[in-house]
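Novice: Before we start, here is the structure in question, set down as C-alpha cells.
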Amino acid sequence: MAHVYRLLVLALCLLPIPGLAQETIAQFTRLPAAFQLVPRTEANTAEVPVSGRILRSGFSRVTLNVFRNNVLFAHREQALAYTRDTARFSLSVLIRAELAEYRFEVFGVRSIGDSIRLARRDSVVCGDAYLINGQSNATTETGLQTYTYRNEFHRTFGEIGFEQTPGDTLWALSNRGAAQVGVWGQELQRFITETYRVPVAIINGGLAGTDIRFQLPDTLRSASLANSYGRLLYRVRKAGLQTAVKALFWHQGEAEAFANQRGYAALFDSLYRSWRQDYPSLKRFYLFQINIVAAKSTSAGEVLEFQRQSPAVYPNLRNLATAGLPGYDGTHYNANGYTQMGRQLAKLVARDFYGATDTLQIDSPNLRKAFYTGPQRREIRLIFEPGQVLRWPADTTVRGSTRRLVDFIYLDGRAGRVNRGEAQGNAVTLTLAQPDTARRISYLPAAYQDSLNKPYEGPFLRNGRGLGAFIFQEVPIAEALPAPDLRVQARSDTVLLQWQVNTAEPLTDLVLERSDDGGRNFTRVAGIAPSTRSYLDTRNLVRGSRYQYRIRASTARAESAFDTAQVVTTGYQILKFTAEAQPINLIALNWQATTGENGFSHSALDRATSPNGEYREVVWLAYPRTTYVDTLPLANTVYYYRLRVLKGPVESTPEFANARTIIATALPPTVQAEVRVFPIPARRVLSVEWPSPQTGELSLRDARGLTRWRSSINGQRRIEVALPLLPAGVYVLHLHTGAGAVSAVKVLVEE
C-alpha cells in the first residue's frame, strides 16, 4: 500500500499520461489534487493556482479548462516563452465555496488541433477545514460499524493508523476505506454542509488507546511520524491546511482515568501551546469532558474537573459534556451516541463560525458556584451559567432497581446526605437530610460499576434541551452570603433605592429587580455595577402606585438571598391650599400643585359642613384653573374643603382647608370704601355709586346672610334701588362682578 501511495504522490508532480517518454513533458509546481478541498477566504472563494514548466520544445501555449459540475466554468491560457528547451507557465482560477465539484484539465498546445493533455484533477471543492485529535472516542471505531452516512462534499486527507509513512497522504471522501473522520466528525460535516451549503474537510489524528503523552510533539521535530502529534501535523502540512484550519476538537482522557495517571492539566497545557504554535489559524478549541469510566480509578476525578474548568484557563476553548449521551458502555459509544455527540458539537461550531441564531442552551450546563443558603446549613444551592434552565430528573429504573439522583451527589465524598433536589432557572437547590458541615460537593461518581459490572446509566441533570450537565468533582461549598440591606424612598414619579452590602468579599454581581404586580413577576431594573450602592428608578413609574423591589448580591463563591422592600409612589403633590372668607358668604379658594408635562389634569373640590361630615362635590376644574370662589348660603358659618388633583386614575393625597363666612356687620373698611350709598338711613329708595362703571349682581343681605333683594347691573356707575318692605336694621349691600371681584357696604334701613 505504501508503494502505491508513493506512486500517487509522484503523479502529483509529473505528467499523468501513460508512457515513459511523456512523463517528462511537464513538471508541475502547483496543481490541485483529486478530491482536494481548497480552503475558502472571507470572500467565500479560493484561488486555485496551476503552475510549472514545459520541459519539451515545440509547444506554443498552455491552456487550463475548469469544469463546474461537468459544465465549462473557466478557460485560461498562456503563451510560452522558452529559455533553451524550458518554458514556465502560471495560471489560476477563482472557485466558489458551494456544493459544487470542479475539474481541472491542463493542455499543452503545439498548434491548432494539436494538443496534449498534461493533467486532469477531478472533484475539487472549496470550503472549510477542521482537525480532530484524541484517542478512541475521537476515532469512534465502535460506532463506524453501523454508521452508513456518506456525502460527496465531505473530505479528509491521509489515514488514521499506528504506523504511518510519508506516502500515506491522499485526499479522499470521508469515512471511505482507511480515510476516516469518525462518526461525530462526519456528523459535524453533515450539519455544516446541509445547513450552510459549504464543503468541509476534517483531518482526524486520533489514535485509539493513546494517552496524552503520546499526543505531545517531539521536542526536536514536531512533525515526527513517531507520535500522534507529528503524524497529524505532517498530514495537515501536506494537505496545505496548516494556516487554514479553523478549529481543533479534542476527545481524550480515558487512558489517564483507567491507568490512574496524574498531572493531566500540565500535560494538556503543553499540548495546547504546541497547537497554538503549529496551527496559527486556529480560532477555537473544543474539548469533550470524558464520561464516567466503568472501572476503579483514583485519577478520573482530576481529569473530569480539569476538563470542566478548562474554558476558565483558555479563553478560546469551549467544552462539552458527554454524561447522559445514549449508547455508552463505560468507555465507548454506539453510533447513536456518537451521532448525538456530533450534533451537540455542531451547534457550538455553528454559533462560533457561521453566525447561527440558535444559541439558547446549546452549551452543557456547567457549575459556577455552590454555597449554603443560610447559617442553618439545611440547603445547598448550585448555580449554573445564566440562560440555562435546569431540569431535575425523576427517579430512574435501571434493570429493575430504582435510582435517585440525590444518591449520586456526594458531600465530602459520602452519599446519602441529600434528601431532595429542585431545579429553577439556572439554579438547583439541594435539601439536606440534616444540618451539614460538608466542605465539598461532587455530582456523579468519576468512576462507577454496578454489581453486574455495568456503567452508570442515569439519572442525569439536564437543561431544557436535554443536554447533560458537566460532571463536577470536589467543588468547594461556600458559606451563606448575607443579603444586602435595601431601603427605598418614593417620590412622585421616581424611586430612590439605597443598599448596604454585608460582606467583605468583593462582589461580582448585583441583581436589582422590580415587580409591578404585587410580587408575582419580577424584571431586572438595570445593569448595576457591583460597586454601586444606590440607584434612582425612573422607568415607567406611575404616581400613586405600589412597587416591590428586591436585590441580590453575588461573589465569586456564593449568592445572597433577595432582600425585598415595597414602596408606593406619591400622587400629584398639592403644594399649597388656602381658604379665605370674603364678604358676604363667599370663600375664595386657591392652590398650587405639580404641573408641567407630568402634572395633573384636573382638580376636584369637595365641601362639608363639619370636620367629620360627608364631603360633597363642589366643582371639577380642568388644568390650569387653580382658584375658585364658593358662594355659601349662611354667614358666620365654618365650611370645610377637601382638594384633590388628578391625572387619569391617579390622584394626589387630599389636602384640607376651612374658613368662616364673614358676618354682615363686620365688613373690613377697605371693602366698605369701594361703594357709596345714600341716604343713610335709607327707607324706600337707596342710591348707589361706584368710582367706575360696574357689571355684575347687586344684592342686599340681612345679618344672617339671607338675600332679601337682588338685581343685575350692566356698565353702570349709579343706580337707584327701590327697597322692598324690610324690618329696620343693618343690612349689607353686596356687588359680585363677573370677574369674581367682591365689594360690599353696610346699609342702615328704617321702617
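Novice: Looking only at Cα atoms, what is the convex hull volume of the chain per residue, in Å³?
Specialist: 292 Å³
Novice: If packing is taken as the mean number of other Cβ atoms within 10 Å per residue, what is the order of 497-503, 291-297, highest first?
Specialist: Going from most to least packed, we get 291-297, 497-503.
Novice: Can you give the three extents of the C-alpha atoms in segment 435-568 along their principal axes, from longest to shortest, in whole Å?
Specialist: 71, 34, 27
Novice: Sticking with this structure for a sec: Please figure out what share of the DSSP beta bridges in the chain is antiparallel and state it in percent, rounded to the nearest 5.
Specialist: 85 percent
Novice: Moving on to the next point. If R₀ is 22 angstrom, what is the calculated FRET efficiency for the pair Phe678 and Glu580, using the beta carbon separation as r and rounding to 0.05? Don't jump to the answer; show the numbers that get you there.
Specialist: On the way: r = 30 Å, r/R0 = 1.39.
That pair, Phe678 with Glu580, gives E of 0.10.
Novice: Where does helix 264-278 land angle-wise versus the long Cα axis of the chain, in degrees 0 to 90, nearest 10?
Specialist: Between the helix axis and the principal axis of the chain, the angle is about 80 degrees.
Novice: Would you order Phe59, Phe73, Phe678 from fewest to most other beta-carbon atoms within 10 Å of each residue's own beta-carbon?
Specialist: Phe678, Phe73, Phe59
Novice: Pull out the extension gain between Arg546 and Asp516, defined as 0.36 nm times the separation in residues minus the alpha carbon to alpha carbon distance; nm, one decimal.
Specialist: Difference between extended and current length: 10.1 nm.
Novice: Also: Enter the angle in degrees (range 0 to 90, nearest 10) between the Cα long axis of helix 228-238 and the first principal axis of the Cα atoms of the chain, meaning the one along which they spread out most.
Specialist: Between the helix axis and the principal axis of the chain, the angle is about 90 degrees.
Novice: So if each residue of separation counts as 0.36 nm, and I subtract the Cα-Cα distance between Leu748 and Glu47, what length gain in nm does that give? Please report the intermediate quantities before stating the final value.
Specialist: Numbers: separation 701, 0.36 × 701 = 252.36 nm, distance 11.85 nm.
Contour length minus Cα-Cα distance gives 240.5 nm.
Novice: Sticking with this structure for a sec: Could you tell me, in Å, what Rg and Dmax come out for the Cα atoms of segment 271-370?
Specialist: For segment 271-370, the Cα-based Rg and Dmax read 14.8, 43 Å.
Novice: Just to be sure I understand the model, the point goes 7 Å from the Cα along the line to the Cβ. What's the resulting Leu94 to Arg197 distance in nm?
Specialist: Going by the 7 Å Cα→Cβ label model, 1.9 nm.
Novice: Going by Cα centres, segment 81-118 and segment 207-263 are how many Å apart?
Specialist: Segment 81-118 and segment 207-263 have Cα centres spaced 38 Å from each other.
Novice: For segment 574-660, what's the relative contact order in percent, using C-alpha pairs closer than 8 Å and at least 6 residues apart?
Specialist: So the answer I get is 35 percent.
Novice: Leaving out same-chain residues fewer than 8 places away, which aspartates and glutamates sit with a Cα under 15 Å from that of Lys647?
Specialist: Straight-distance partners of Lys647: Asp493, Glu597.
Novice: Mind ranking 230-243, 617-630, 106-119 by how tightly packed they are, going by the mean number of other C-beta atoms within 10 angstrom, highest first?
Specialist: The densest-packed peptide leads the list: 230-243, 106-119, 617-630.
Novice: Also: What are the aspartates and glutamates whose alpha-carbon lies under 20 Å from the alpha-carbon of Lys238, with same-chain residues fewer than 8 places away excluded?
Specialist: Glu47, Asp122, Asp128, Glu159, Glu163, Asp168, Asp218, Asp278
Novice: In whole angstrom, how long is each semi-axis of the equivalent ellipsoid of segment 126-353, when you take the square root of 5 times every eigenvalue of its Cα gyration tensor and sort them from largest down?
Specialist: 24, 21, 17
Novice: Assuming 0.36 nm per residue, please report the length gained on full extension of the stretch Ala259 to Thr532 beyond their Cα-Cα distance.
Specialist: Extending this stretch completely gives an extra 93.2 nm.
Novice: Sticking with this structure for a sec: Quickly work out the Arg717-to-Arg176 label distance, labels modelled 7 Å from Cα along the C-beta direction, and quote it in nm with one decimal.
Specialist: Rounded to a tenth, the inter-label distance reads 12.1 nm.
Novice: A further question on this structure: How are the C-alpha pair distances of segment 444-520 spread across 10 Å bins, as whole percents from the shortest bin up?
Specialist: Per 10 Å bin, starting at 0, the Cα pair percentages come out as 11, 24, 23, 20, 14, 6, 2, 0.
Novice: Using modelled backbone amide H atoms (1.01 Å from N, in-plane), which distant-in-sequence or interchain residues come within less than 5 Å of Phe371's amide H?
Specialist: Long-range HN contacts for Phe371: Arg381, Ala478.
Novice: Just from its helices, what would the mean residue ellipticity at 222 nm be for the chain, if runs of 4 or more DSSP H residues each count -39500 (n - 2.57) and the sum is divided by every residue, rounded to the nearest 500 deg cm²/dmol? It would help to have the intermediate numbers written out before the result.
Specialist: Values: 10 runs with 103 residues, N = 751.
Helix contribution divided over all residues of the chain: -4000 deg cm²/dmol.
Novice: Taking the highest mean first, how do the peptides 175-187, 208-220 order by number of other beta carbon atoms within 10 angstrom per residue?
Specialist: 175-187, 208-220
Novice: Here is a further query. Any idea what angle helix 335-353 forms with the longest principal axis of the chain, computed on alpha-carbon atoms, 0 to 90 degrees, nearest 10?
Specialist: Compared with the principal axis, the helix lies near 60 degrees.
Novice: Let me ask another. Work out the FRET efficiency for Thr737 and Gln566 from their Cβ-Cβ distance, taking R0 = 45 Å, and round it to the nearest 0.05.
Specialist: Details: r = 52 Å, r/R0 = 1.16.
Taking R0 as 45 Å, the efficiency between Thr737 and Gln566 is 0.30.
Novice: Note down the nm distance, to one decimal, between modelled labels 7 Å out along Cα→Cβ at Ala427 and at Ala504.
Specialist: 2.6 nm
Every number here is computed from the coordinates shown, using simple stated rules; none is lab data. Computed from a prediction, not measured in an experiment: that's the story for all the values here. As a convention, Cβ positions derive from the backbone with ideal geometry for all residues, glycine included, and neighbour counts pool all protein chains shown.
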